[in-house]
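Student: Could you have a look at this structure, given as structure tokens, before my questions?
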Amino acid sequence: GADGDLYINQAVVFIEDAIQYRSINHRVDSKSLWLYRWYYSRICQWILSLTITIILALAFVEKPSSLTVTSDVRYRHPPWDPPCGLTESIELLCFLVFAIDVSVKSYLIGWEEFCKTKWLMAYILTLIVSLADWIVSLSFFCTETVRIRRILRPFFLLQNSSMMKKTLKSINSTLPEMASVVLLLAVHLSLFTMFAMLLFARTKDGQQDKEWVGYFRNLPDSLTSLLVLLTTANNPDVMIPAYSKNRAYSIFFILFTVLGNLFLMNLLTAIIYNQFRGYLLKSVQSSLFRRRLGIRAAFEVLCPLEETPANEQELCVSVGDLFQVLQKVEMDSRCKQAIIRSLKTSSCDRLSAAQFQKLFEELDKDAIKQHPHSPEYQSHFMQKLQFVFGHSYFGYLGNVVALANIISICVVLVMDADKQPSERDDFFLGAINCFFILYYLLEMLLKILAMGLKRYWSYPSNRFDGLLTGILLVLEIATFAVYGFPHPGWRPEFMGLLSLWDMVRLVNMLIVFRFLRIIPNMKFMSLVVTTLLDLVKNLRAFAGILVVVFYAFAITGIMLFKGSVVPMGNIRLSLQQEVVLLTFFYKRSDFLAFLNHYQAIIIYHLCCLLSFNLICRWAKIYFIAWWLISSVIWVNLFVALLLENFIHKWDRHCHRETLSDVEYQRTVELMFRDVLEEPTEEELMERLHQHPHLHLCR
């Protein structure tokens with residue numbers, strides 16, 4: 001009756017928790033289970049993700065607005081500034097969604113779990129502070145310069161991702177080990193600063209003091225100069241005056257660079273790789289425990305539905321009850337079909353705890369994509385054609401033709417490099433493009449004939465190849481329709497949306513891009529590319545934290561440096577100010593003024609390309625903090641993860657026979673699957689008995 005339906009629904013939710021690595025410590029009554037499934041439904045999570053995207057994107061519209069074509073303050077038109085109350089109204093709607101979100105979460109987990117969850121308490125505090133700042137903003141009619149809630153917005157993105165929170169926790173645990181190397185870097189920097197101030201001290205001859213004047217006038221300037229040299233941003237500018245005076249001074253800079261960049265920075269990468277991998281492994285181990293706990297909880301709530309004989313001490317679950325659960329569970333169709341197939345082939349009517357757990361180990365396996373079979377032709381002639389055009393050598397021939405196309409384009413571009421547009425004859429380039437595009441079309445059709453459309457389209461390289469071939473064909477037909485067929489002296493007047501030269505350039509760019517088709521045929525290059533693609537697909541949590549860091553520093557930079565760089569006009573500046581501004585515009589004019597969010601987002605380039613000596617002394621703290629977090633810590637974290645992913649793929653590549661018709665897709669959890677430990681039954685049952693809302697009979 002009603003209890004049976006409740007147990008089925010509880011098992012459904014616990015299995016869905018296991019699939020998503022969610023905690024099972026939530027309410028399990030009928031109404032709460034309905035609310036829980038509704039909250040984690042696709043539509044609700046999509047609304048929440050859209051709300052987070054909107055509130056983060058408001059920074060591009062709010063004053064100072066980024067809605068301009070050019071970022072150069074000398075040429076752009078005044079940006080559109082939204083009226084007071086427009087973005088604030090959108091912001092209030094977002095706060096309302098977040099308030100509902102935190103209310104539902106708090107209710108579902110209960111007061112006892114809420115008091116243990118620091119993220120939820122921080123969520124509520126962030127909402128309260130943001131709402132208070134929103135009220136202050138309206139009180140000042142949107143004229144205030146400092147908006148605290150803008151810096152807090154990335155928190156909404158951070159708290160919505162469990163993997164991002166685990167990653168942040170792992171980074172936090174790695175910080176003590178990082179601090180030891182950073183301290184060693186600080187000692188290295190301080191010692192060489194003292195040496196530099198002694199080596200390049202002021203002398204009686206002012207003409208020989210260029211190094212002292214430019215870089216080592218005092219302690220802050222000396223420290224900053226060597227810190228920038230550690231980033232190689234002012235190399236070799238910082239050593240040129242001293243080297244011009246005496247070649248022996250280069251030994252000082254060589255020693256500083258070798259010890260700092262080659263030894264200490266790489267030592268930091270090694271430590272981060274070693275420590276962070278261990279902490280991430282612990283995090284993934286806890287995810288595995290959550291999955292096993294969710295499956296075991298589903299087994300325990302289904303046990304009362306099955307009448308176990310008195311002579312059997314082991315509890316069992318009916319296969320029929322499990323079928324009911326699987327019909328309601330939202331999971332990957334591949335896994336569901338595999339589990340149902342195992343149940344149908346099994347001769348048992350009841351499942352023990354071990355059998356139940358083993359059944360759901362299908363969730364831990366690689367996602368395998370099988371390519372469809374090629375068509376079977378009856379004709380002997382068609383079988384020969386299928387063998388020829390389906391052979392790998394036919395693909396190699398296509399790569400050779402693509403290479404010849406690239407070489408021909410390079411030859412024509414070199415020959416026409418110094419010619420005026422009116423002197424250029426586009427006949428030869430248009431003719432060879434026409435020939436090669438026809439070959440690409442023929443190659444695609446022959447491959448489809450040999451492999452069949454479904455099998456051809458199942459390979460990503462073929463989809464890439466076919467899509468670009470189709471675009472090239474459409475562009476070529478459009479060119480012929482507008483400008484006619486190529487002929488000597490083919491230089492027609494501008495017609496349509498694009499000139500002939502623009503059309504030819506677009507075709508050539510796509511042809512060059514199409515040459516990437518060779519990557520799957522080169523095993524080592526293919527391994528590197530698939531490693532990068534796996535990072536993009538599976539390590540979104542790290543990219544999310546990077547967005548959080550960029551966003552927070554960008555907003556802070558807008559508030560700190562707003563108006564620091566002004567347009568060059570009828571403004572009377574001192575000689576020092578003119579030198580600073582001219583140097584800014586000469587080096588990277590569009591990266592320096594924190595005039596809006598779009599420009600502030602790309603301050604990574606500033607810390608790599610701009611000398612800190614051009615920045616106010618008090619602002620150096622901001623840029624040093626940015627350099628430490630972005631370049632020193634985060635880049636090394638990314639390198640560590642890249643190494644881990646590459647080593648994992650390389651080991652699989654060396655110890656596993658490559659199958660042409662099978663593609664394996666890995667996740668972050670599966671990367672560490674071989675070194676994870678399975679939780680014991682005692683650990684699972686102990687945790688289940690500690691559940692605040694689930695009361696088991698045994």
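The values are calculated or read from the model by the stated rules, or taken from the named source; none is laboratory data. Quantities reported herein were computed from a predicted structural model and do not represent experimental measurements. With ideal geometry, Cβ positions are generated from the backbone for all residues, glycine too; neighbour counts draw on all protein chains shown. Ligands, DNA and RNA are excluded from the accessible area calculation, which covers all protein heavy atoms including side chains. Shrake-Rupley method; radii C 1.70, N 1.55, O 1.52, S 1.80 Å.
Student: Which of the residue pairs Lys282/Lys344; Lys344/Lys384; Lys165/Lys328; Lys116/Lys282; Lys384/Lys454; Lys165/Lys454 have a Cα-Cα distance greater than 32 Å in the structure shown?
Tutor: Working: Lys282/Lys344 36 Å; Lys344/Lys384 42 Å; Lys165/Lys328 29 Å; Lys116/Lys282 20 Å; Lys384/Lys454 20 Å; Lys165/Lys454 41 Å.
Lys282/Lys344; Lys344/Lys384; Lys165/Lys454, as the Cα separations exceed 32 Å there.
Student: Could you list the trypsin sites (Lys or Arg not before Pro) in the range 346-405 that lie in coil according to DSSP, counting only those with at most 14 other Cβ atoms within 10 Å of their Cβ? Display every interim value, and only then the final one.
Tutor: On the way: sites: Arg350, Lys358, Lys365, Lys369, Lys384; in loops: Lys365.
Here the sparse-neighbourhood loop sites are Lys365.
Student: Next question. So with the 1.4 Å probe, I'd like the accessible area per residue for the range 425-478, rounded to whole Å². Before the final figure, lay out the partial values.
Tutor: Working: 2490 Å² over 54 residues.
That works out to 46 Å² per residue.
Student: Can you send over the carbon and sulfur percentage of the accessible area for the range 37-97, probe radius 1.4 Å, protein chains only? Walk me through the numbers before you get to the answer.
Tutor: On the way: 2490 of 3590 Å².
Carbon and sulfur atoms account for 69 percent of the accessible area of the range 37-97.
Student: Continuing with this model, one more query. With each pseudo-label sitting 7 Å past Cα toward Cβ, what's the Leu67-Leu403 distance in nm, one decimal?
Tutor: Between Leu67 and Leu403, the simple spin-label model gives 5.2 nm.
Student: When all protein chains stay in place, what accessible area (Å², nearest 10, 1.4 Å probe) is found for His689?
Tutor: Around 100 Å² of this residue is reachable by solvent.
Student: Can you pull the accessible area of Cys410 for me, 1.4 Å probe, Å² to the nearest 10?
Tutor: Rounded to the nearest 10, that gives 70 Å².
Student: Related question: Computed on alpha carbon atoms, what radius of gyration and Dmax characterise the range 97-253, expressed in Å?
Tutor: Spelled out, the Cα radius of gyration and Dmax of the range 97-253 are 25.9, 77 Å.
Student: Return the carbon/sulfur percentage of the accessible area of the range 372-468, one whole number, probe 1.4 Å, all protein chains in place.
Tutor: The C+S portion of the solvent-accessible surface of the range 372-468 is 72 percent.
Student: While we're here: First select every other residue whose beta carbon is under 9 angstrom from the beta carbon of Ile555; then total the charges, Lys and Arg +1, Asp and Glu -1. Display every interim value, and only then the final one.
Tutor: On the way: positive: Arg147, Arg150, Arg153; negative: none.
Once all neighbours under 9 Å are counted, the net charge is +3.
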